[in-house]
Amino acid sequence: MSAKKKTGAKENPNSHRVCQNRKARHEFDILDELDCGIVLCGSEVKSIRNGKISIEEAYARFRDGELWLIGATIAEYPQANLMNHEPDQTRKLIAHRRELQKFAAQAEERGFTLVPLEVYFERGFVKVKVGLAKGRKLHDKRERLKSESDRKEMRQAMLKRQ
């Protein structure tokens with residue numbers, strides 16, 4: 001028997017999460033999420049397949065009606081030689097026009113930002129999940145951590161009773 005989780009559907013080998021921005025969920029309140037495609041060259045895709053991507057310091061911006069990913073670092077692919085890519089270049093994100101317009105209207109409001117939450121493969125394509133986020137204050141972060149630990153303690157106490 002394998003140690004994998006048993007789920008109803010077969011897991012697709014071409015669909016898996018490459019990296020996740022855990023820091024974003026701590027520092028921001030995520031109000032809405034948008035799944036986008038990303039424009040990449042071949043060496044970037046191979047480097048992402050190897051897990052050589054960082055979105056910790058990245059953010060997204062609207063320019064001329066298009067969504068751009070800024071600050072994401074994709075390491076150079078060693079076997080690409082002369083045909084390699086720039087590690088820190090801005091990359092275009094692709095989504096339906098209606099979704100982009102809805103997100104753009106919300107992102108223009110004061111205090112909101114667009115933060116990449118995760119990069120994953122879906123059916124062989126690289127996808128980026130972008131979240132509409134509002135920054136948290138320090139006391140909000142502490143309050144959230146405290147409420148999560150309280151909930152965890154209550155769950156453990158309930159399990160011990162049973």
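The values are calculated or read from the model by the stated rules, or taken from the named source; none is laboratory data. No experiment lies behind these values; they were computed from the predicted model shown. Heads up, the Cβs are rebuilt from the backbone with ideal geometry, glycines too, and the neighbour counts pull from every protein chain shown.
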- Enumerate the strands (runs of 3 or more DSSP E) found wholly within segment 17-125, keeping only those where 3 or more residues are under 12 Å from the mean Cα position of the chain (by Cα). 28-38, 112-122
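Go over the candidates 71, 65, 51 one by one and state the one that is on the phi > 0 side of the Ramachandran plot, surrounded by 13 or more Cβ atoms within 10 Å (Cβ to Cβ) and of a type outside the set (Lys, Arg).
Result of the check over 71, 65, 51: 71.
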- Considering segment 103-158 alone, what residues qualify as being aliphatic (A, V, I, L, M) and within 30 Å of residue 47 (Cβ to Cβ)? 104, 107, 114, 115, 117, 119, 126, 128, 130, 132, 133
- Expected output for segment 106-129 (first residue at positive phi, partner at pLDDT below 90 and part of a loop (DSSP other than H, G, I, E, B), Cβ below 8 Å, 6+ apart or cross-chain) is 123/12; 123/14; 123/15; 124/14
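Considering segment 82-100 alone, what residues qualify as being without any contact (Cβ under 8 Å) to a residue 12 or more places away in the chain and not charged (D, E, K, R)? I'd like the intermediate steps shown before the answer.
The first filter runs over segment 82-100 and keeps only residues without any contact (Cβ under 8 Å) to a residue 12 or more places away in the chain, leaving 82, 86, 89, 96-98.
Those that are without any contact (Cβ under 8 Å) to a residue 12 or more places away in the chain and not charged (D, E, K, R): 82, 89, 96.
Can residue 53 be described as β-branched (Val, Ile, Thr) and within 11 Å of residue 91 (Cα to Cα)?
Numbers: β-branched (Val, Ile, Thr): yes; within 11 Å of residue 91 (Cα to Cα): no.
No; evaluated as a whole, the condition is false for this residue.
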